[in-house]
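Okay, structure first, notes after.
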Amino acid sequence: MISVKHLSKVYRNGDKELTVLRDVNCEIGKGEVIGIIGPSGTGKSTFLRCLNRLEEPSGGRIEIDGVDILDRKADVNLLRRKMGMVFQNFNLFHHLTILDNITLCPRTLLGKSREEAEARAMELLQLVGLYDKAESLPAELSGGQKQRAAIARCLAMDPEIILFDEPTSALDPTMVSEVLVVIRRLAREGMTMAIVSHEMQFVRSVSTRIFFMNEGVIYEEGTPEQIFEHPQRPATVAFINRIRTLEFKLADKHFDLYGMFGQVGVFCNKYGLGNEMLTKVQHVMEEMLFEILPFCGPVTLTLDYSEKDFTLRLQFVQEGCAESVLEQIPNDNIPLKLVRGMCSSLRETEAGKILVEM
Amino acid sequence: MSGYRIILLLSLLLSACTGRQAVPDAMPTCLEELAGHTVAVAGGSSTDLLLSQYEGIDLMRINIGDMPVAVKSGRAEFAMMQEIQYDANQLDAQGFRKCFNGILKGLSAVAFRKDDVGICDEFNSFLREMRASGEYDRWYGNWIHQLDSMVVETEKLPAPTEGRKITVGITLVFPYIFIRNDSLSGMEIDLFNRFCRSKGYCPEYSIVQFPALIPSLNANKIDVILSHIMVTPERARQVLFSDEYMEGSQCCFGLNPEWEKSARAGIWTRTRESTRQNLVEEDRWKLLSGGLAVTLELSLLSLLLAIVLGVLLCYLRMRPKAAASGVTRIFVDVVRGIPVLVILMIMFYVIFAKVHLSGVTVAVFSFGLFYGACFSEVFRTGMLSVDRGQWEAGAAMGLSKMQVFRLIAFPQALKRIVPVFKGDVVSLIKNTSIVGYVAVLDLTSAGDIIRTRTLDAFFPLILVSIIYIILSRLSGGLLDTLDRKLNATK
């Protein structure tokens, strides 16, 4: 149904260039529900908005049912009638009642009579649970109700696919589920959809396929199970496990330990790790860097914290090591004993690479 | 004409009401003795030039018609006007007295453009024939001694409606030229009508401010100046004077210290008397209703033009193309930076100087231009207030740009536009009051004409003010209704 090849999007502002989409390739078939996930700023929304040309792509091809929609002669407005879009900020027409919001486009574009359009609108309002809000103005509705009305507005055009651009991001947490229920129902009824969302559990359960986007490309794609249970590539793993990272590169022994302590403090504080953990981490860093590592070359220190299983790992990479660092240190070495006492495991995965799990 | 002038006059008459009357201890007997006093003169007139040469005289430049009010209120202690005007207005009977006279004895003539020698010769030969036949003496004597019968006679013999067209610039000063029963009368009108009849011309009279007469003539707005204009060497360098047809001199007058105020009539009687004098007598209400019609016509046409221009400028300003948008921005800034009165003058005397357009047309262009520039910014602010998401949502549904504009963006912008727009519309209506400067007889000018004739400042000004207030309220009310209707659908 939709085929995307080498899609790119570059924003130019004066001499500054910002590449949002580098090279996106994918196929979306009829009846599929595509969940699009990934870190912020990796082009998920831009990709979606390129599909109905709310953003003009910089390069590549998008074909819908074999028709190139980037062609000059393509009728964008006709194309958009078949593609509904649900926005983060609802974008209901402020000056019209909910009923008029829904009937405006069918009457203007599909030539439906008022009665016909209104009858259909009431059916749709029934479907999204807003039957009694037909005469209300958007301003009188809650966020969740607005988003459901916006979905009804989309459905009134009988679209072949609906694009959801973070449909629950602007909502109060208490209203998220009422919107998700409606989307889930559409999925059950076989509607083709592409959903950009940060609601991982929802995306996982509703999608038939997941696109994981990172740095302007579809970095990994697969079934929900593949992506969420067995992610293959490092960025996907980090994202799925919600791993937060802090990295230091130390050229030699003359580094700024207290500056590092400050940054580690901010990091631990941000993810709620507590003072006890912070003290332990600082001790481990001090012993490792001053007593254990030989500093025969630059050292890289990485802190990884997984918000999924709440584990913190420190990885020390000593470059310029031909053989194992730990094997050269006697077992009764006091600094090493201290470190072992403070962490749950300490091992050298390969020569010069020491992994400390707290 | 302009707002500032109305304020000046209102303050004049307020002080007249409070009765501040400065009766000088002794009446001056010559120009030298005017030193240390405030003297009202017609701005730009030869009296103005003469008195400017005397040190210590505090000059107050106003319209001749406003002089009695100025003196009565104490704003000016003395005033200078033509003796013939003083006599014809019967100012002696109203508590004034001539202090001295015979100043600036001079001769008045008709003025033509320098190159219009032919018509000037025709006028001179007409004057010679008139003097030879004795008709001239009858004309002069009858106008001085039997004014009312002459008015009737002039009415019976109106200006010819056929013949070569000639536009005549006039200023209204009794008894030379004035309006009675909604038509022009006066000794100069009578004289010129006789000339036109004898030489086959069809005159079209146009009321022009005195200082604007010579510029108007040289800008081809008028063909003749008929305004008891004194022949001076300075003026003769700019215009072609005919032979003189009238002699005149200026007198200085002040309040008569021996005048006893008659017992003041009750307020009701006074109002009734004012109404009769300012509206009923000589059908003066027709002047006002005619002026009101002109003001309405001007406001409505200007408003329409301004809206069209405003939409166009707003559209150009919002183009993504930097050139179109930049040029429009500069244009709008320039136009909005010039006072509307100055725009009107530039249009009248510079841009359309060589094109024969009526004052109303030029005024409509000027107001349309100025308010079009203002409206374009109002419209733009309104359009910018429409959230980008609304455009996107409309576009995503498959509506074309025009459809989104018509069905979504415009109705939303309108709600923000109307309240600001209302203020501008009311300001437009009120600002049309400056068109007197380009010889358009609108509501304010009509009030001015009545005032200079009846020498009553209070009634015409207050009446004109009330009419403006009603107009503003009506137009404001109309837009309020629209605003409420729009807000009913939020």
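Values in this text are rule-based calculations from the coordinates and carry no lab data. Everything numeric in this text was worked out from a predicted model, so none of it was measured. With ideal geometry, Cβ positions are generated from the backbone for all residues, glycine too; neighbour counts draw on all protein chains shown.
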Practice task
Could you tally the net charge around B:Cys196, taking each other residue with its Cβ under 13 Å from the Cβ of B:Cys196, Lys/Arg +1 and Asp/Glu -1?
Solution key: -1
Fill in the blank from the handout: When B:Ser133, A:Ser8 are arranged by how many other beta-carbons sit within 10 Å of their Cβ, fewest first, they go B:Ser133, A:Ser8
Handout entry: Cβ-derived FRET efficiency at R0 60 Å, A:Lys270 paired with B:Ile346, nearest 0.05
Key = 0.35
Completion exercise
In cubic angstrom per residue, the convex hull of chain A built on its Cα atoms measures 183 Å³
Handout entry: Normalised alpha carbon radius of gyration of the protein assembly as shown [divisor 2.2 N^0.38 Å]
Key = 1.56
Practice task
Add +1 for every Lys or Arg and -1 for every Asp or Glu among the other residues with Cβ under 9 Å from the Cβ of A:Ile210, and state the total.
Solution key: 0
Completion exercise
Rounded to the nearest whole number, the per residue volume of the convex hull around the C-alpha atoms of segment B:114-168 in Å³ is 120 Å³
Exercise for the section: State the Cα centre-to-centre distance between segment A:244-305 and segment A:172-186 in whole Å. Expected result: 42 Å
Problem - Neighbour net charge for A:Phe90 - beta-carbon separation under 10 angstrom, K R +1, D E -1 - result: +3
Practice task
May I have the convex hull volume per residue, in Å³, for the Cα set of segment A:10-132?
Solution key: 176 Å³
Practice task
Report the FRET efficiency, 1/(1 + (r/R0)^6), for B:Ala219 and B:Arg131, where r is their Cβ-Cβ distance and R0 is 30 Å, rounded to 0.05.
Solution key: 0.35
Fill in the blank from the handout: Across all Cα atoms of segment A:75-144, Rg and the largest Cα-Cα distance (Dmax), in Å, are 12.5, 37
Handout entry: Calculated log₁₀ intensity ratio I(q)/I(0) where the Debye formula runs over C-alpha points of chain B, q = 0.07, 0.08, 0.10 Å⁻¹
Key = -0.47, -0.60, -0.86
Completion exercise
For B:Arg270 and A:Gln232, extending 7 Å from Cα along the Cα-Cβ vector and measuring point to point gives, in nm, a value of 10.3 nm
Exercise for the section: For peptide A:76-87, compute the average count of partner chain beta-carbon atoms within 10 Å of each residue's beta-carbon. Expected result: 3
Problem - Net charge dipole size for segment B:33-166 [Lys, Arg +1 and Asp, Glu -1 on Cβ; Debye, nearest 20] - result: 100 debye
Handout entry: Residues of type lysines that A:Lys280 reaches as a straight line, Cα spacing below 29 Å, ignoring anything fewer than 8 places off in the same chain
Key = A:Lys249, A:Lys253, A:Lys270, A:Lys308, A:Lys337, A:Lys353
Completion exercise
Comparing A:Ser169, A:Ser113, A:Ser207 in a Gaussian network model of chain A (Cα, 10 Å), the one with the largest mean-square fluctuation is A:Ser113
Handout entry: When each of A:Lys112/A:Lys146; A:Lys16/A:Lys146; B:Lys165/B:Lys286 is checked by Cα-Cα distance, pairs over 29 Å
Key = A:Lys16/A:Lys146
Fill in the blank from the handout: Going from the fewest other Cβ atoms within 10 Å to the most, one would list B:Glu377, A:Glu215 as A:Glu215, B:Glu377
Completion exercise
Rh_Kirkwood(segment B:351-490) over Cα pairs, Å, one decimal, evaluates to 18.1 Å
Completion exercise
In segment A:55-107, the trypsin sites (Lys or Arg not before Pro) that sit in a DSSP loop and have at most 11 other Cβ atoms within 10 Å of their own Cβ are A:Arg72, A:Lys73
Practice task
With N set to the residue count of segment B:232-325, report its C-alpha Rg divided by 2.2 N^0.38 Å to two decimal places.
Solution key: 2.20
Exercise for the section: May I ask you to sort A:Arg313, A:Arg188 by Cβ crowding, counting other Cβ atoms within 10 Å and putting the fewest first? Expected result: A:Arg188, A:Arg313
